[in-house]
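**Student:** After the structure tokens below, expect a handful of questions from me.
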Amino acid sequence: MNPSWRKPAPLGWSAAREGQYTTAAPLLGGASITLLGLVITDRDRFRWPDPTLFALALTALFMVMAVVWGVRSRQYLYSRGDVEAWWGPLSEMPANRHAELIQDQREHYSTWARLAGRADFCYTSGLLCLAAGSSLALAPPAHAAAPAWRWCAAGTTAAPVVAVLLAWAVRFLRDVLRS
């Protein structure tokens, strides 16, 4: 069986990732840095300023790393059409050169998938840290007059973090029990 060209599935996956790392991650990282500055300057208005700062600093770090890994990964993703644009029609190449280009693309695709996986991990971790930092920032200070709405807002932003952590725990336990 001849090797074939690798492609992302679904086909829009790579474009979605590109938007995630060139638009969403920088914006979310910038938002976390802005909130970080707010917490630094008004520490007394926050119930837990230090954990909030830590979560927001992690958010900024993860979002920057998502951009770095996302951009690095992109250089390894290309299609058969891209190869033909540079090398000419594949039908006019010797069979060994055609096979060599397919093998190169398959190896590069694997590198893209590995690096994009790192970017995904950083982006997801950044989202979780942003949700945690936002939740910590929303918790009312001890001296707040009417904290109920602030606690509701803090709980709302904490919910995705709790849901993801529970899903990871369930997956981990399922894997442990299977082995």
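The values are calculated or read from the model by the stated rules, or taken from the named source; none is laboratory data. This structure is a prediction, so every number in the text was calculated from the model and none was measured. Glycine gets a Cβ as well: all are built from the backbone with ideal geometry, and neighbour counts include every protein chain shown. When the accessible area is computed, the model is the full protein with side chains, heavy atoms only, and any ligands, DNA or RNA have been set aside. Shrake-Rupley method; radii C 1.70, N 1.55, O 1.52, S 1.80 Å.
**Student:** Can you pull out the residues in the range 3-23 that are free of Cβ contacts under 8 Å to residues at least 60 places away in the same chain and not β-branched (V, I, T)?
**Tutor:** Quick first cut of the range 3-23, residues free of Cβ contacts under 8 Å to residues at least 60 places away in the same chain only: 9-13, 15-16, 18-19, 22-23.
Answer for the range 3-23, where residues must be free of Cβ contacts under 8 Å to residues at least 60 places away in the same chain and not β-branched (V, I, T): A9, P10, L11, G12, W13, A15, A16, E18, G19.
**Student:** Assuming L27 fulfils every condition listed in (1) open to solvent by less than 80 Å² (accessible area, probe 1.4 Å); (2) under 14 Å from the mean Cα position of the chain (by Cα); (3) of a type outside the set (S, T, N, Q) apart from one, which condition is it?
**Tutor:** (1)
Matching residues to (1) among the charged types (D, E, K, R); (2) within 26 Å of P26 (Cα to Cα):
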position: E100; (1), (2): yes, no
position: T111; (1), (2): no, yes
position: L115; (1), (2): no, yes
position: A144; (1), (2): no, no
position: P147; (1), (2): no, no
position: A159; (1), (2): no, yes
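**Student:** Applying the selection to the range 83-112, what residues are touching a helix residue (DSSP H, G or I) at 6+ places or on another chain (Cβ under 8 Å) and under 20 Å from P8 (Cα atoms)?
**Tutor:** Passing the criteria: V83, E84, L101, Q105, T111, W112.
**Student:** On the basis of being within 30 Å of A66 (Cβ to Cβ) and of a type in the set (G, A, S), does S91 make the cut? Reasoning before the result, please.
**Tutor:** On the way: within 30 Å of A66 (Cβ to Cβ): no; of a type in the set (G, A, S): yes.
No; evaluated as a whole, the condition is false for this residue.
**Student:** Shifting gears a bit: Enumerate the pairs (first residue in the range 151-162 and among the basic types (K, R); second residue anywhere and open to solvent by 40 Å² or more (accessible area, probe 1.4 Å)) with beta-carbon separation below 6 Å, excluding pairs fewer than 6 apart on the same chain, so at least 6 apart or on different chains.
**Tutor:** Qualifying pairs under 6 Å: none.
**Student:** Going through the range 1-24 one residue at a time, which ones are open to solvent by less than 80 Å² (accessible area, probe 1.4 Å) and among the basic types (K, R)?
**Tutor:** Within the range 1-24, R17 is the sole residue that qualifies.
**Student:** For the range 67-179, which fully contained helices (runs of 4 or more DSSP H) count at least 2 residues that are surrounded by 15 or more Cβ atoms within 10 Å (Cβ to Cβ) and of a type in the set (S, T, Y)?
**Tutor:** Working: elements: 80-87, 95-138, 148-178.
Result: 95-138.
**Student:** Another question, if that's okay. When residues of the range 24-61 are filtered for being of a type in the set (D, E, K, R) and either modelled with pLDDT of 95 or more or at positive phi (or both), how many remain? Break it down into steps so the answer makes sense when it comes.
**Tutor:** First, the residues of the range 24-61 that are of a type in the set (D, E, K, R): 42-45, 47, 50.
Next, only the ones that are either modelled with pLDDT of 95 or more or at positive phi (or both) stay: 50.
Summing the residues that are of a type in the set (D, E, K, R) and either modelled with pLDDT of 95 or more or at positive phi (or both) in the range 24-61 gives 1.
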